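For reference, the structure discussed in these notes is given below.
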2 protein chains.
Amino acid sequence: AAVDKDVDFANYFCTYAFLFHQKEMLSDRVRMDAYYNAIFENKHHFNGKAVLDVGTGSGILAIWSAQAGARKVYAVEATKMSEHARALVKANNLEHVVEVIEGSMEDVTLPEKVDVIISEWMGYFLLRESMFDSVICARDRWLKPTGAMYPSHARMWFAPIRTGMGERKLGDYQSAMDDWYNFVDDTKTYYGVDMSVLTNPFSEEQKKYYLQTSLWNHLHPHQVIGTAAIIKDIDCLTASVSDIEEVRSKFSLSITMENTKLCGFGGWFDVHFRGRSEDPAAQEIILTTAPSIDYSTHWGQQVFLLDPPIRVSEGDNLNASFLMTRSKENHRLMEVELGYEIQQQSGKLLAPFKNKYYIE
Amino acid sequence: AAVDKDVDFANYFCTYAFLFHQKEMLSDRVRMDAYYNAIFENKHHFNGKAVLDVGTGSGILAIWSAQAGARKVYAVEATKMSEHARALVKANNLEHVVEVIEGSMEDVTLPEKVDVIISEWMGYFLLRESMFDSVICARDRWLKPTGAMYPSHARMWFAPIRTGMGERKLGDYQSAMDDWYNFVDDTKTYYGVDMSVLTNPFSEEQKKYYLQTSLWNHLHPHQVIGTAAIIKDIDCLTASVSDIEEVRSKFSLSITMENTKLCGFGGWFDVHFRGRSEDPAAQEIILTTAPSIDYSTHWGQQVFLLDPPIRVSEGDNLNASFLMTRSKENHRLMEVELGYEIQQQSGKLLAPFKNKYYIE
Ligand SMILES: Nc1ncnc2c1ncn2[C@@H]1O[C@H](CSCC[C@H](N)C(=O)O)[C@@H](O)[C@H]1O
Ligand SMILES: Nc1ncnc2c1ncn2[C@@H]1O[C@H](CSCC[C@H](N)C(=O)O)[C@@H](O)[C@H]1O
C-alpha cells in the first residue's frame, strides 16, 4: 500500500520535532560514544570527503563529520528540527561545511554523490520505524560506488528470558476484565442495555494491549536464561527494502540455566562500523543494545511474553520460527509470528506453541 | 485550511475505535444519567419519531432512543466501532429500528429527514475536538424544520481558582532546565559540541509543555475563589461553524475569598436538554461538568495556570478578555489568549497580564 506522507508525518515524524526527544537520544552515552568513536577513530573515511547524514535531527552526526575533516556534509532532516540543526551548525562555526536541508530524504536532490552515508536510523528491535528504507533510498541514489556506510552492518538478536513482567501484565489484564464484568452488570441494571455481546471483543482488545504487545524493558543479563540467536544479519551496503520488509528466521536456542521458567523472549540489535571491505575501518566500533548492567541504551530490549510461562532447565532445546512483517495500517509498526517447540534434555518433545505479537 | 481526512483519522478518530475508550465514556455516570433522563423523561420527543445519532460510538444513545419508542434511528459512526455498535443493537433486539451506518457524518446520505438529532459531541472545555462542526453539518442537512436538538444548548464557563498544580509544574519545568544545563556541559566536555544556542528554544518548548498547556483536573469547589462567568452560550439549533470557530469574550470576575492566591483559571461547560421552544422538554435536564464533590465527570475541568500566582482578596475585581481559536496545525486543538487586569477593592489597578495557552 502507498504511504500517505501527511499521515506518516502525523503518526511518525511529529515526535522528532521536539528538542526534548532529540535530547533523549543525545543523552544516550552508549549511542553517542559509538558514533563518536566510529567517526573520530576513522577520520580517514571523512577527511576531505563528501558526507550525507540521513535524518540529521539536531545535526550532531553532521557536525562530528565536519569536525573530523569532511569537505562537505549534507544534513537532511524532514522536520522543523532542521532549523535548530542549522542554528547549532552555525554556533559551532561549521556553516561553511555543513548544509542543512529540510525535506524528506526521498524528495531531496544533492549536487553531487557522496563518499560516506552516516545515519542513526535504528528503532526498537532495529527495524521499528522502517527508517532504514530511507537510508537505502539515499544509498541507491547518492552513494558513490566506492562509498562507505556508517554503520555498515546490523543484526537482530533473540533470546529466552525470565521476567516478572508477564505476571504483572496478566494481573492488569485480569483487572481490566473484572472491571468489565462490573461495567456490564451496572449498564444492564441502571441503563437497561445488555453489553455482554462485547465481552469477547473487549477481551481481545485488552489481551492485545497487555499481553501481545511487545514491552520496552531494560533486561538484566541474569534474566537471559539461554543462548541468544542472530535472527537477521544486514549488510547496509547491499540490503534492499525487500530484504528487510519481512524478517523470516528459523533458529535454535538452548536453555543454559537450571530449573527456571521461560517467561518470554527478549529482542535487541547491534550495529557495526566496519567501513568497506576494500577500505576497512581502522578501528571497528560496535554499538550493542544487548542486556547489560553498565551499558544500557534508550532502546532497551523488546520483551515478548509467554502466557503462561513454561518450566525449563539446562540443556532443553527450543526450535523456533520467527516471522516479522509490517503492520498493514502503519508500515512503521511490526507484527511478529512466533512458533516454537521445546525438546527437553530427556528427549521429550513438548506440544508446539504459536504466538502473535505487535511491536507498536 | 482544508482538513486532510486521513490525517484527521490518524490524529483523532483512532482512539474512538477502542472499546476501552468507549467504556470510559459509558462509565461516566453523570454523563450517562443526563442523556438517559433526557431521553426517557421526554419520550414524547422520541416516540414514533425518526432520530439521528451523530457519532454513535458503542451505539448507546441510539439504543436508548429506540427503547424510548423511536420509529427509526440512524446511528452514524466514523470508526470500526460501528461493527460493535451493530452487534450491540442486535443483541438488544433493536435491529428493526436502529440502522448503524459506518462513515463520516459529512459523507453519509439518509433516506429521510429526522425529528431529533442526538449526539454526545462535547470535548474538553466543550469545543476541543471540534466535533460540533459535524453536528451542525448533520442538522443543516437532515433535521426537519420542526426538529429538536439533544442537547439543545451549551455554555462555557470560566472562573478564578487556587491550585498547587502551578508550583508542581513550575518545579517540573525547572528540573527540565537543570537537566538541560548539565546536558549542555556534558555534550561540550565529552563530545566537543556546544549546544547552548538551543537553550532558548528548549526552554520555550518546555514552558509551553509544562506551563502553557491547559491541564485536565478534578477541581474541588473550594478551589474556586470567585464568581464564574459564562463566556459562551450556544443554541444548538441555530449556531453556525463561524459562531464557534472563535470564542471571544470580555467579562468580569470578582474574588469572593479573603486573602488567597489567584493561581489560574478553571474552564468547564454544561449542556441543556430543553427540546425546542415550540415543543419544550417536559423535564429539562442539565449535564454540568462544573467542579463538584459528588458529581465528577470524565471531562473534569481544564486548568490554565498563572505563573507566578497573584495575591488577591475578597472584593477584588478581574476584567478579562478571552480569545479561543483553533490551532493551525490541527483544527481539533485550541489556542487561548487571555488578557486581564485586576482592580483591587481599594481601587488600585494592578498592571495588566497577558497569557497564551494551548489546549492539546
Ligand atoms: N525519510 C527521512 N527524511 C528526512 N529525515 C528523516 C527521514 N526519516 C527520519 N528522519 C529523521 O531522522 C531522525 C532520526 S533520529 C537521529 C537524529 C540524529 N541523527 C542523531 O543521531 O541524534 C529524526 O530527526 C527524523 O525526523
Ligand atoms: N464526523 C463524524 N462522523 C461520524 N462519527 C463521528 C464523527 N465525529 C466523531 N464521531 C464519533 O463520535 C463518537 C463521539 S464519542 C460518543 C459516543 C456515543 N455516542 C456515546 O455517547 O457514548 C466517537 O465514536 C467518534 O468516532
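Observations on the model:
- Rounded to the nearest 10 degrees, the angle from helix A:165-191 to the longest Cα principal axis of chain A is 60 degrees.
- For chain B, the Cβ-based charge dipole about the Cα centre amounts to some 700 debye (Lys, Arg positive; Asp, Glu negative; other atoms uncharged).
- Residue-span extension gain [A:LYS328 to A:LYS208] - 0.36 nm each, minus C-alpha spacing: 41.6 nm
- Computed [θ] at 222 nm, deg cm²/dmol, the protein assembly as shown (DSSP H ≥ 4; -39,500 (n - 2.57); rounded to nearest 500): -8500 deg cm²/dmol
- With Cα atoms, 0 to 90° folded angle of helix A:29-40 axis to chain A main axis: 30 degrees
- Looking at chain B alone, DSSP beta bridges between its own residues are antiparallel in about 75 percent of cases.
- Directionally averaged shadow of the range A:69-156, computed from the convex hull of its alpha-carbon atoms, nm²: 6.4 nm²
- Candidates B:ARG274, B:ARG311, B:ARG29, ranked by Gaussian network fluctuation over chain B, Cα under 10 Å, top entry: B:ARG311
- Burial of accessible area (probe 1.4 Å, heavy atoms of protein chains only) in the range A:198-240, relative to its chain alone, reaches at least 40 Å² for A:LEU198, A:PHE202, A:GLU205.
- Note on the protein assembly as shown: dipole from Cβ charges, positive end direction compared against B:GLY55, A:TRP121, A:ALA228; the farthest Cα belongs to A:ALA228.
- On the beta carbon distance between A:GLN174 and B:LYS43, with R0 = 51 Å, the FRET formula returns roughly 0.80.
- A crude spin-label estimate for the pair A:HIS21 and B:SER27, with each label 7 Å from Cα along the Cβ direction, gives 2.9 nm.
- Max mean-square fluctuation residue, GNM over chain A, Cα-Cα springs under 10 Å, options A:ASP178, A:ASP270, A:ASP279: A:ASP178
- Accessible area of B:ILE101 in the full protein assembly, 1.4 Å probe (Å², nearest 10): 30 Å²
- Pseudo-label separations to other copies for A:GLU245 - Cα-to-Cβ vector, 7 Å, nm: 4.3
- Taking the Cα centre of the range A:1-65 as origin and assigning +1 to Lys and Arg Cβ atoms and -1 to Asp and Glu Cβ atoms, the resulting dipole is close to 280 debye.
- Chain A - Kirkwood radius from inverse mean 1/r over Cα pairs (Å): 22.4 Å
- Net charge in the neighbourhood of A:SER27 (other residues with Cβ under 13 Å of its Cβ; Lys, Arg +1, Asp, Glu -1) is -3.
- Take the protein assembly as shown with all the other protein chains still there, run a 1.4 Å probe, and you get 43 Å² of accessible area per residue.
- Threshold 20 Å² - residues in the range B:54-77 whose accessible area is reduced by that much or more when the chain is no longer isolated, probe 1.4 Å: B:ILE60, B:TRP64, B:GLN67
- Result for chain B in a Gaussian network model with C-alpha springs under 10 Å: among B:ALA320, B:ALA78, B:ALA154, the largest mean-square fluctuation is at B:ALA320.
- Across the alpha-carbon set of the range A:244-360, the Rg to Rh ratio works out to 1.04, Rh being the Kirkwood radius.
- Accessible carbon and sulfur surface of chain B relative to its total accessible area, %, 1.4 Å: 49 percent
- The range B:187-253 - Kirkwood radius from inverse mean 1/r over Cα pairs (Å): 17.2 Å
- Considering all different alpha carbon pairs of the protein assembly as shown, the Kirkwood hydrodynamic radius works out to 29.2 Å.
- Subset of B:LYS49/B:LYS113; A:LYS207/A:LYS354; A:LYS23/A:LYS43; A:LYS5/B:LYS328 violating a 22 Å alpha-carbon distance limit: A:LYS23/A:LYS43
- Cα extents of the range B:172-224 along the three principal axes, largest first (Å): 54, 15, 12
- For the chain pair B and A, buried accessible area totals roughly 3700 Å², probe 1.4 Å, rounded to the nearest 100.
The values are calculated or read from the model by the stated rules, or taken from the named source; none is laboratory data. Remember, predicted model here, so these are calculated numbers, not experimental data. Reconstructed Cβ throughout: ideal geometry from the backbone, glycine too, with neighbour counts over all protein chains shown. Each accessible area value is taken on the protein alone, full model and side chains, heavy atoms only, with ligands, DNA and RNA left out. Shrake-Rupley method; radii C 1.70, N 1.55, O 1.52, S 1.80 Å.
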